[in-house]
Amino acid sequence: MKIESTFKIKKGLAEMLKGGVIMDVVNAEQAVIAEKSGAVAVMALERIPADIRAEGGVARMSSVETIQEVIDSVSIPVMAKARIGHFVEAQMLESLGIDFIDESEVLTPADDKNHIYKHDIKTPFVNGATDIGEACRRIGEGAAMIRTKGEAGTGNVIEAVRHMRSMTDGINKIITADVNSLMSIAKEVRAPFEVVKDIHETKKLPVVNFAAGGIATPADAALMMQLGCDGVFVGSGIFKSGDPKERAEAIVIATTNFDNPEKLVEVSKELGEPMVGLNIDDLDETEKLAKRGW
Amino acid sequence: MKTGVLALQGSFFDHVKSLELINKEYKLIKSVTDLDNIDSLILPGGESTTMMKIQQNDDLFESIKIKINEGMPTLGTCAGLILLANDVIDGQTSISCLNTVVERNAYGRQNESFEGLVNFNGNKEMYCFIRAPKIISYGSTVTPIALIEEEVVGVNENNIVGLSFHPELSNDNIYLEWLKNFLKDGLNVRSL
């Protein structure tokens, strides 16, 4: 007897990615560099977030050719992004055999009220969240993995830190709450009661939680791990830097040895130029991607 | 003495959870110096290519291979099985100490991943196969110890056990009892 795509199986793949680095790539060549550098998975994209930010326009799911090219070039899991609420892009990614779908605020949202109902798709989903309420809503819709939103394409880690701290505070509040207060908390943070109850009983988020958005250096990756993340996504930080291969390897080693400063110093030597960063306060409110998601 | 759990990347905390449930002390293994004072070893699921890459830093797997060859009870699940196998079909390097040939992701991509009914340790239980490796062949010194339908999904050779699935994501009582006995001396493996 075999049963495919149960929630346990979807969640299970995320468990296997823990302690790893998931890297944004735009073609087969970058995917191979990422795999050789020790990436645990790659995210196939048309443009990396820093370019989406610079060029503007509507950002959509990658072309079928790009995704196929990346799938064919590596043996590690391949992820791809669908627009928020665009369930047809998700159906297409499922059909392409993608291993994980990121319903991502980095792309231009397709629906300003609804996210995708993820239980109906065989492929597991990762969703961004800025706080516990948002994480619980996404899990309620079927997300098998959560990540901080951070502020993608900025090379500035402050938003990812803010989201992770907010998430930890939210989880702690639910864990330590009196059972009689759980419904009130669910109402306050706009979260499905069942997910809040599950967190209270198991004393943890029911799915893996990664860091994403603005991670550019080995130190950033280690910071997010020390704050309690299960792993990291690095978008623009690698292929917008001076020496992508060296930087990718260094971030991988730093993520494993996040609590070992000597090791962090060793891998941070001679890395070349990091990506140029953006100050979040200089961004117009409408330019903040983390605001997308409902 | 403690059980060492390889902690370069992957689901090592799920194995830690199993060890906590059987009251076995553990130690996370990230470098050669962590290998002191352990009496058994677990290689978790995750990405084998990533683990191979990270261990190069201090040739951790060479030291692990010596421990395994000296008879240390060693369990590998999923990627852990790939690391133990003598041969990997796509040519990936491994620790090479278990006389088997495995193929990575041979059951398909994530959409083909499944929970399957496995005959293991005289019991039938649903276990997770996640982009799982397939055991293609094994030598005469190797005993099959787990089956799904007619297919071998777990093997034992001397002090080594390799499983293509994830009992640590289920932690059923029969698995935990088996784990407790196996980690003692590596010899309490029940064949089919």
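Scanning segment B:67-122 for residues that are in a helix (DSSP H, G or I), facing chain A (nearest Cβ under 10 Å) and not aliphatic (A, V, I, L, M) yields B:Gln110, B:Asn111, B:Glu112.
Scanning segment A:110-144 for residues that are assigned to a loop (DSSP other than H, G, I, E, B) and either within 13 Å of chain B (Cβ to nearest Cβ) or buried (at least 24 other Cβ atoms within 10 Å of the Cβ) (or both) yields A:Ile116, A:Ile121, A:Lys122, A:Thr123, A:Pro124, A:Ala143, A:Ala144. Within segment A:52-65, the residues that satisfy the criterion of being surrounded by 15 or more Cβ atoms within 10 Å (Cβ to Cβ) and either charged (D, E, K, R) or out of contact with any strand residue (DSSP E or B) (no Cβ under 6 Å at 6 or more places or on another chain) (or both) are A:Ile52, A:Arg53, A:Ala59, A:Arg60. Taking only segment A:26-42 into account, find how many residues are within 14 Å of chain B (Cβ to nearest Cβ) and of a type outside the set (Ser, Thr, Tyr). So the answer is 11. Within segment A:73-90, being more than 12 Å from chain B (Cβ to nearest Cβ) and polar (S, T, N, Q) holds for one residue alone: A:Ser73.
Annotation note: Cβ proximity below 9 Å between a residue of segment B:60-76 that is free of Cβ contacts under 8 Å to residues at least 40 places away in the same chain and a residue that is small (Gly, Ala, Ser) and assigned to a strand (DSSP E or B) (sequence gap 6+ or interchain) occurs for B:Lys67/B:Gly4. Selection of segment A:239-292 for residues being part of a loop (DSSP other than H, G, I, E, B) and farther than 16 Å from A:Gly153 by Cβ yields A:Gly242, A:Asp243, A:Asn257, A:Phe258, A:Asp259, A:Asn260, A:Lys269, A:Glu270, A:Leu271, A:Gly272, A:Glu273. The set of residues in segment B:137-171 being over 11 Å from B:Val118 (Cβ atoms) and among the acidic types (Asp, Glu) consists of B:Glu150, B:Glu157, B:Glu168. Regarding A:Glu55, is this residue of a type in the set (Asp, Glu), free of Cβ contacts under 8 Å to residues at least 40 places away in the same chain and more than 8 Å from chain B (Cβ to nearest Cβ)? Here the answer is yes, as A:Glu55 does meet what is asked. The residues of segment B:148-162 that are within 23 Å of B:Leu41 (Cα to Cα) and within 14 Å of chain A (Cβ to nearest Cβ) amount to a single one, B:Val153. A single member of B:Leu28, B:Leu8 is assigned to a loop (DSSP other than H, G, I, E, B), free of Cβ contacts under 8 Å to residues at least 60 places away in the same chain and within 11 Å of chain A (Cβ to nearest Cβ), and it is B:Leu8. Residues that are of a type in the set (A, V, I, L, M) and either modelled with pLDDT under 95 or surrounded by 24 or more Cβ atoms within 10 Å (Cβ to Cβ) (or both) within segment A:226-249 comprise A:Val232, A:Val234, A:Ile238, A:Ala248, listed in sequence order. If only residues of segment B:123-133 that are within 14 Å of chain A (Cβ to nearest Cβ) and part of a strand (DSSP E or B) are counted, the one that is farthest from B:Gly46 (Cα to Cα) is B:Lys124. Scanning segment A:1-22 for residues that are touching a helix residue (DSSP H, G or I) at 6+ places or on another chain (Cβ under 6 Å) and more than 7 Å from chain B (Cβ to nearest Cβ) turns up just one, A:Val21. Tell me whether segment B:51-65 contains one or more residues that are buried (at least 22 other Cβ atoms within 10 Å of the Cβ), more than 12 Å from every other protein chain (Cβ to nearest Cβ), on the phi < 0 side of the Ramachandran plot and not in a strand (DSSP E or B). The answer is yes; a qualifying residue exists. Being part of a loop (DSSP other than H, G, I, E, B), at pLDDT 95 or above and under 26 Å from A:Val40 (Cβ atoms) is the requirement here; does A:Leu223 meet it? Answer is no for this residue.
Suppose the filter is farther than 22 Å from A:Thr255 by Cα, among the aliphatic types (A, V, I, L, M) and touching a strand residue (DSSP E or B) at 6+ places or on another chain (Cβ under 9 Å); does A:Leu107 pass it? Answer is yes for this residue.
The values are calculated or read from the model by the stated rules, or taken from the named source; none is laboratory data. Note that the coordinates shown come from a computational prediction; the quantities given were computed from them, not determined experimentally. Here Cβ is always computed from backbone atoms with ideal geometry, including for glycine, and neighbour counts include all displayed protein chains.
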